[in-house]
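After the structure tokens below, expect a handful of questions from me.
Nothing in this text is a laboratory measurement; each read-out follows from the coordinates by a stated rule. Nothing here was measured: the structure is a model prediction, and the numbers come from that model. Don't worry about glycine lacking a Cβ; one is built from the backbone with ideal geometry, like all the others, and counts go over all protein chains shown.
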Amino acid sequence: MAKTVVLERKPLSFSERTYLPQIATGLKTTFSNMFKPKVTLQYPEEKPVIPKNYRGVPTLVKDPNGREKCVSCQLCEFVCPPKAIRITPGSVPEDQDDREHVEKAPQEFEINMLRCIYCGYCQEVCPEEAIFLQDEYSSSGFTREEMINNKEKLYELGGTLPDRHYKWDKKKEAETDGNTH
Amino acid sequence: MNAVDLLFWLFAVLSVGGGLFMVFSRHPVSAAMFMIVSLVGVAALFVLLESFFLAILQVLVYAGAVMVLFLFIIMLLDVGPEAGKRKLSHFKTGIFGILATFLLVGILLILGNSYDSLALDQSIWPELSESKDGGASQGLPFSTKVSSFGYGLMTKYMLPIQVSGFMLLAAMVGVIILSKKTPAREDVK
Amino acid sequence: MMEWMPQGLWFEVCLKVFFAFMMVGAVMTMAGYSVLAERKVSAWMQGRVGPNRTVLPFVEYIPILGPILQKLGMFQPLADGLKFLFKEEIVPGHVNKFYYYLAPLIALVPALTTMTVLPFGQLYWDDGTVSTLALADLEVGILFVFAVSSLGVYGIALAGWSSNSKYSFLGGIRSSAQMISYELAMGLSLLPVFLWVCAPGSSESGLSLSAIANSQSGGAWLFLVQPLSALIFLIALFAETNRLPFDMPESETDLVGGFHTEYGSFKFGIFFVAEYAHIVIGSAIFTVLFLGGWHFLPFIEDPWPANWIGSLLGVGWFLAKTIFLIFFFIWVRWTLPRFRYDQVMNLGWSKLLPLALVNLIVYLLIVTVIDQNAAANL
């Protein structure tokens, strides 16, 4: 066992016992603080820098060609712990030739922001990398209905993200080369 | 009736009424508050007599310090309106009532007499404020100035002030001895 | 039939009432802006910017001045006051209604009454006479201040008691004990000051505030002559105004909000304003007593001319000192932590009171020696 050394505390001097010099020092510190640069962010005008891996509002993104990525597999709907996501599956519109390889597309995609807990499971589980929790953090509304983000709103929030895989492009390439799987 | 008279009646009613309400109010806190009203009314009467020093001492000592302690104790003990319900016996009440009546009648008689003599003969209560030497001929300069109060207390009334000071000291020593905790047996050793 | 009131008296009474309203207006404005100053200074000391958004619609468009006023939050007190006024009045069901409503008034009235004897400048007349600017320059001014401010404790004690809640009650009890304790040290610390100024042979006698201020003209400020008295008085002033480090009555961390826990909306606002009015008056009285009042600097005669310009400059100088002291109050609040309750009592009774007594005796001896020497030299 380590030997314990008990140090004698020096008795306080008279000036220390009056506390007045200490108070003066404290006053000096606070006074000098008055002239230091302020750290306040003037929020609505200035926004904080959002870190790369921030988990903000979940959004739907389009691929670099501007096409819908979501294939309405509903994995996110199943994984969502608070059951905030509701997808109504539908088919891809006939007139979209460049998406004929995709079987399904969401007819409606709703995320209830009053339920969402920003866990990011939907982003993790999405096989198409269609749903992302991006840097948007301020969502507000006057009614409960307003707080349910529909598909249109989700795409508006999400925009287009640079895609690293171009999965469907590769598939289509392979298909045209006669090398399916 | 002029403005000063009106003020006099206002404050007189305030002080007497405050006193009456103090006696008759059920709740100790209300009684204390009415007593403060009464004391402040008396202070205001002193102001009408241009005796600011007395008025301020009245407020400072009685309203400001004594009554705060009263209120403090009332609140700490949490005595409600029920506290005053315990009745004195009729015999005791009667005796105190008769005594109080005698006192009141006596005071009224003395006051009435002196008022008559004041009206008849001005020299008994001379107009002090107008005397040229400030009352120095009576052995004591009379004015409502603080300095003359101090002068009086340090010369003519030296003995009373010493005696009352000594009494207060004795009271204080008594309180300290009474409230001092006797150490428990284990602590003495 | 006796005349109701002489003609001249009417005019005088009306004039006094007018002056009283002016004075109340000035002090209340200062109290309101002290709240702003508190918020601003605390913000600056903590590296924040403080209130800087409130602005009146038309002031916004004044080119340079408008944004500056907005940045300084000059309209914040207005917004705060209106907020208090328009908030919902919530009265808890368990309170003693009468005293619950009475308490804020009792707290505010003494705070506003003390200002009647507060001298704040001098008026130089054309014929060379000088009169003090005050609502009533009483001979017993300082005693009046003590007497009336000692009534302020009723507001807090009643608020605590009538709220019928343990936190409020503890706050009220603490504050009454604290104010009684520190009144003693406060009074005792001022005795040497008056002994010094009204020493035998001096032209002054009595307890007038204006005489104290004038005695410091061109000479040493009493703060330099009696530093210990000034220190004790200042500490007691902090305790009497319930400012941190002595804000026992409301200490948020242990008593929720102290005596005003159960108060809301405008009733709380009145407590709030009363507290700051106390600070304003307390600062002004400290200025008069120890910082030379409206006189320039120690050992320097007033540099301003003896006319209305001089009067104005004197009042301005007095205000500047008072504002500095208000700043000091705020500055100390955001520097020092709160005392524990037993520490407050310990400091008051076993440190400040003996110290004030020793201070009194020492100055008593000094004044006696000076007096004896003067008598011997005669």
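I'd like to know which of C:GLY218, C:VAL27, C:THR132 lies farthest towards the positive end of the charge dipole of chain C, counting +1 on Cβ of Lys and Arg and -1 on Cβ of Asp and Glu.
Going by the Cα projections, it comes out as C:VAL27.
Any chance you could run the full-extension gain for A:GLN74 through A:ARG99? It's 0.36 nm times the residue separation minus the Cα-Cα distance, nm to one decimal. Display every interim value, and only then the final one.
Values: separation 25, 0.36 × 25 = 9.00 nm, distance 1.88 nm.
Extra length available between A:GLN74 and A:ARG99 comes to 7.1 nm.
Now a separate question. Defining a contact as two alpha carbons under 8 Å apart and six or more residues distant in sequence, what relative contact order in percent does chain C show? Intermediate results must be reported in sequence, preceding the final value.
On the way: 560 pairs, mean separation 82.1, N = 378.
Computed over chain C, the figure is 22 percent.
Which of B:ILE98, C:ILE279 has the fewest other C-beta atoms within 10 Å, and how do the rest follow up to the most?
Values: B:ILE98 10, C:ILE279 26.
Listed from fewest to most nearby Cβ atoms, that is B:ILE98, C:ILE279.
Mind listing which trypsin sites (Lys or Arg not before Pro) in the range C:283-354 are in a DSSP loop and have 12 or fewer other Cβ atoms within 10 Å? Numbers along the way, then the final one.
Numbers: sites: C:LYS321, C:ARG333, C:ARG338, C:ARG340, C:LYS351; in loops: C:ARG338, C:ARG340.
For trypsin sites (Lys or Arg not before Pro) across the range C:283-354 that sit outside H, G, I, E and B with at most 12 neighbouring Cβ atoms in 10 Å, the list reads C:ARG340.
Let me ask another. Decide, for the range C:54-191, between rounded, prolate and oblate: order the square roots of the alpha carbon gyration tensor eigenvalues as a ≥ b ≥ c, take rounded if a/c falls under 1.5, and otherwise choose prolate if a/b is larger than b/c, else oblate.
Values: a/c = 2.52, a/b = 1.05, b/c = 2.40.
Because a/c hits 1.5 or more and a/b fails to exceed b/c, the range C:54-191 counts as oblate.
Among C:SER350, C:PHE329, B:ALA3, which residue has its Cα positioned farthest towards the positive end of the charge dipole of the protein assembly as shown, with +1 placed on the Cβ of Lys and Arg, -1 on the Cβ of Asp and Glu, and the dipole taken about the Cα centre?
In the protein assembly as shown, that residue is C:SER350.
Rounded to the nearest 0.05, what FRET efficiency is calculated for C:LYS351 and C:VAL13 with R0 set to 41 Å and r the Cβ-Cβ distance? Kindly include the intermediate steps, with their values, before the conclusion.
On the way: r = 47 Å, r/R0 = 1.15.
E(calc), rounded to 0.05, equals 0.30.
Turning to a different aspect of this structure: Which lysines, if any, have their Cα less than 23 Å from the Cα of A:LYS36, not counting same-chain residues under 8 positions apart?
Those lysines meeting the cut-off are A:LYS28, A:LYS47, C:LYS40, C:LYS71.
Can I ask one more? Within 10 Å of each Cβ of C:46-53, how many other protein chain Cβ atoms are there on average?
Details: counts 6, 7, 3, 5, 2, 0, 2, 1.
Per residue, the average neighbour count from other chains is 3.
How far is the Cα center of the range C:303-345 from the Cα center of the range B:49-64, in Å?
29
Starting from the range A:96-141, pick out the trypsin sites (Lys or Arg not before Pro) whose DSSP state is loop and whose Cβ has at most 10 other Cβ atoms within 10 Å. Could the numbers behind the result be given before it?
Details: sites: A:ARG99, A:LYS104, A:ARG115; in loops: A:ARG115.
Hits after loop and neighbour filter: nothing returned.
What distance in nm separates the simple spin-label points at B:ILE161 and C:LEU123, each placed 7 Å from Cα in the Cβ direction?
3.6
While we're looking at this one, here's another question. Going by average Cβ density within 10 Å per residue, which order do the peptides C:144-156, C:184-196 take, highest to lowest?
On the way: C:144-156: 25.7, C:184-196: 21.5.
The packing order, highest mean first, is C:144-156, C:184-196.
While we're here: What is the dipole size for the range C:25-86, taken about its Cα centre, with +1 at each Lys and Arg Cβ and -1 at each Asp and Glu Cβ, in debye to the nearest 20?
Values: 6 positive and 3 negative charges, 33 e Å.
With Lys and Arg at +1 and Asp and Glu at -1, about 160 debye.
To make sure I understand, if each residue's beta carbon is the centre and we count other beta carbons within 10 Å, what order do B:MET22, C:MET248, B:MET158 fall in, fewest to most?
Details: B:MET22 18, C:MET248 28, B:MET158 11.
Lowest count first: B:MET158, B:MET22, C:MET248.
Suppose every Lys and Arg Cβ carries +1 and every Asp and Glu Cβ carries -1, with no other charges. What dipole size does the range A:34-168 come out with about its Cα centre, to the nearest 20 debye? Mind dumping the intermediate values first?
Numbers: 18 positive and 23 negative charges, 172 e Å.
Value, rounded to 20: 820 debye.
Counting other C-beta atoms within 10 Å, and keeping those with at most 10, which DSSP coil chymotrypsin sites (Phe, Trp or Tyr not before Pro) do you find in the range C:286-378? Show your work: numbers first, answer last.
On the way: sites: C:PHE286, C:PHE290, C:TRP294, C:PHE296, C:PHE299, C:TRP308, C:TRP317, C:PHE318, C:PHE324, C:PHE327, C:PHE328, C:PHE329, C:TRP331, C:TRP334, C:PHE339, C:TYR341, C:TRP349, C:TYR363; in loops: C:TRP294, C:PHE296, C:PHE299, C:TRP334, C:PHE339.
Passing both the DSSP loop test and the Cβ count: C:PHE299.
What average count of beta carbons from other chains do you get within 10 Å of the Cβ of residues in B:94-105?
Details: counts 0, 0, 0, 0, 0, 0, 0, 0, 0, 0, 0, 0.
Across B:94-105, the average partner-chain Cβ count within 10 Å equals 0.
Sticking with this one: Within chain C, what is the longest stretch that has no GluC sites (Glu not before Pro) placed in a DSSP loop and near at most 10 other beta-carbon atoms within 10 Å? List each step's numbers first, then the result.
Details: sites that count: C:GLU3, C:GLU88, C:GLU89.
The segment C:90-378 is the longest one with no such site.
Give the order of A:THR4, C:THR261, C:THR114 when sorted by the count of other beta carbons within 10 angstrom, beginning with the fewest.
Placing the least packed residue first, the sequence is A:THR4, C:THR261, C:THR114.
Roughly how many whole Å is it from the C-alpha centroid of the range A:76-134 to that of the range C:159-200?
Spelled out, the Cα-based centre of one part sits 69 Å from the other.
Right, here's the next one. Would you mind checking B:LYS181/C:LYS351; A:LYS62/A:LYS171; C:LYS16/C:LYS267; A:LYS69/A:LYS153 for any pair whose Cα atoms are more than 27 angstrom apart?
Values: B:LYS181/C:LYS351 22 Å; A:LYS62/A:LYS171 17 Å; C:LYS16/C:LYS267 29 Å; A:LYS69/A:LYS153 15 Å.
Result: C:LYS16/C:LYS267 exceed 27 Å.
Shielding by partners for C:140-150, please: the mean number of other protein chain Cβ atoms within 10 Å of each residue's Cβ.
Details: counts 11, 2, 1, 8, 6, 2, 4, 13, 5, 2, 8.
Other-chain Cβ atoms within 10 Å of each residue's Cβ, averaged: 6.
Can you give the FRET efficiency for C:VAL358 and B:HIS90, using 1/(1 + (r/R0)^6), R0 = 60 Å, r = Cβ-Cβ distance, to the nearest 0.05?
For R0 = 60 Å, the calculated efficiency reads 0.60.
Right, something else. Using the Cα centre as the reference, give the magnitude of the dipole from point charges on the C-beta atoms of the protein assembly as shown (Lys, Arg: +1; Asp, Glu: -1; all else neutral), rounded to the nearest 20 debye. Present the calculation step by step, with values, prior to reporting the outcome.
Values: 56 positive and 64 negative charges, 524 e Å.
So the magnitude is around 2520 debye.
Would you kindly state how much longer the chain becomes between A:GLU124 and A:ALA174 on full extension, computed as 0.36 nm times their sequence separation minus their alpha carbon distance, in nm to one decimal? Don't skip to the answer; put the middle values down first.
Details: separation 50, 0.36 × 50 = 18.00 nm, distance 2.67 nm.
Stretched out fully, the A:GLU124 to A:ALA174 stretch lengthens by 15.3 nm.
While we're here: Pop a pseudo-label 7 angstrom from the Cα along the beta-carbon direction at both B:LEU77 and C:ASP254 and give the gap in nm to one decimal.
Between B:LEU77 and C:ASP254, the simple spin-label model gives 2.7 nm.
Modelled label-to-label distance, A:GLU45 and C:GLU89, 7 Å Cα→beta-carbon offset: nm?
Computed distance between label sites A:GLU45 and C:GLU89 equals 4.0 nm.
Hey, can you grab everything whose amide H is under 5 Å from the amide H of A:THR160? Only 5+ residues off in sequence or another chain; H modelled, so Pro and N-termini drop out.
Distant-sequence amide H within range of A:THR160: A:LYS62.
Identify, among C:MET74, C:ALA306, C:TRP196, the residue whose Cα sits farthest towards the positive end of the charge dipole of chain C, taking +1 on the Cβ of Lys and Arg and -1 on the Cβ of Asp and Glu, with the dipole about the Cα centre.
It is C:MET74.
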